[in-house]
Amino acid sequence: MRPAVRVEHIAKSFGSVRAVTDVSFEVFPGEIFGLLGPNGAGKTTSIRMMLDIFRSDAGCIEILGGALDPARRDRIGYLPEERGLYKDQRLEPTLVYLAGLKGMAERVAREGLRGWLERLDLWEHRHRKIQELSRGMQQKAQLIAALLHEPDLLVVDEPFSGLDPLNTRLVKEIIEEQAKAGRAVIMSTHQMYQVEALCGRIALIDEGRTVLYGQVREIKREFSGNALSVQGEGDFAGIPGVLEVRREDDRWRLALETGADPQMVLRRMIERSVVIESFELAEPSLDDIFVAVVQEGQGARSGLAQAEGRLVAKVQDGGQPGRG
């Protein structure tokens, strides 16, 4: 099957700031693909290059079978993290106007719009100005703007922002429906449990690079042994080999560093006189994996910076690099 999106080794700088260094991934029709990363990692810049909002400095991007021309652009629906609707305009004519920009006839847009407004509980608010709507209503209106013209590629950045649990469930259903209809969906969010529920494949971007890419189930299998589930009481913070500790009901979940020995972690806990009632390996969540990969990268970069600093200091003091 030909990918709906193919991104190969793209890069982007803004002056002296390197926002994206090397990002690659593919997205296929009928799948929900997770594009993940910490704040400032380069996710949004990558999306904007993909949509030709920014021009890439290097690499190759193909959208819906080729370069992004006006016809292909009309086949994309985009829900940005920052709301982009005209706040001083009324909801219904704004959504009809935006559908028209995508090549949709006004009559067809109005016919399709009613169903979306009713389904997302906005029909009674269609004559209100967008700035008068609640944050959650604006989020749903933005989603309609991305969907009304029936795109072949849907890109949603933090689609659950501002939504209550009921509307979150509804938006999840809609995203799943889009994939089942054969559309390619790219979802960027920090809500890892939503990624686990919806996405078959993911790419994790950190410091402008793709550092993790593939099937969610295979990635979780690769990181098996990197999480512990512990029942007990005591101080679990700062134990060597443990990256993160969080409470889950009556148990503690410990995310481990890559390569950490669970038995060694257990011994360290016992040395601290932590009371252990049960101790078992847990399947790592995407949260655990996200923390492990990002913090490991931060540690490596910190170590490199320290090494570079020592080397510079040695040279400045008259020493020679590479000599003890």
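The values are calculated or read from the model by the stated rules, or taken from the named source; none is laboratory data. As the structure is a prediction and not an experimental result, all values here were calculated from the model. Counting neighbours? That spans all protein chains shown, and the Cβs are built from the backbone with ideal geometry, glycine included.
Name the residue that is nearest to Val291 (Cα to Cα), counting only residues in segment 16-48 that are at pLDDT 95 or above and assigned to a loop (DSSP other than H, G, I, E, B). The extreme case among them is Glu31. Does Thr44 fit the bill of being assigned by TED's automatic domain parsing to the domain that holds Pro159, under 21 Å from Ala4 (Cβ atoms), out of contact with any Asp or Glu (no Cβ under 6 Å at 6 or more places or on another chain) and hydroxyl-bearing (Ser, Thr, Tyr)? Taking the combined requirement at face value, the residue satisfies it.
None of Arg6, Arg2, Arg55 is over 27 Å from Asp288 (Cα atoms) and either outside any loop (DSSP other than H, G, I, E, B) or polar (S, T, N, Q) (or both) except Arg6.
Screening Arg110, Arg55 for residues that are out of contact with any Cys (no Cβ under 9 Å at 6 or more places or on another chain), among the charged types (D, E, K, R) and over 20 Å from Gln142 (Cβ atoms) leaves exactly one candidate, Arg55. Residues of segment 259-291 that are of a type outside the set (A, V, I, L, M), in contact with a Lys or Arg (Cβ under 9 Å, 6 or more places away or on another chain) and surrounded by 14 or more Cβ atoms within 10 Å (Cβ to Cβ): Pro284, Ser285, Asp287, Asp288. The residues listed here are Leu153, Leu170, Leu166; of these, the one that is surrounded by fewer than 18 Cβ atoms within 10 Å (Cβ to Cβ) and in contact (Cβ under 8 Å) with a residue 12 or more places away in the chain is Leu170.
Let's see how each residue does on (1) closer than 18 Å to Thr168 by Cα; (2) small (Gly, Ala, Ser):
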residue	(1), (2)
Pro70	no, no
Gly77	no, yes
Arg107	no, no
Leu143	yes, no
Leu147	yes, no
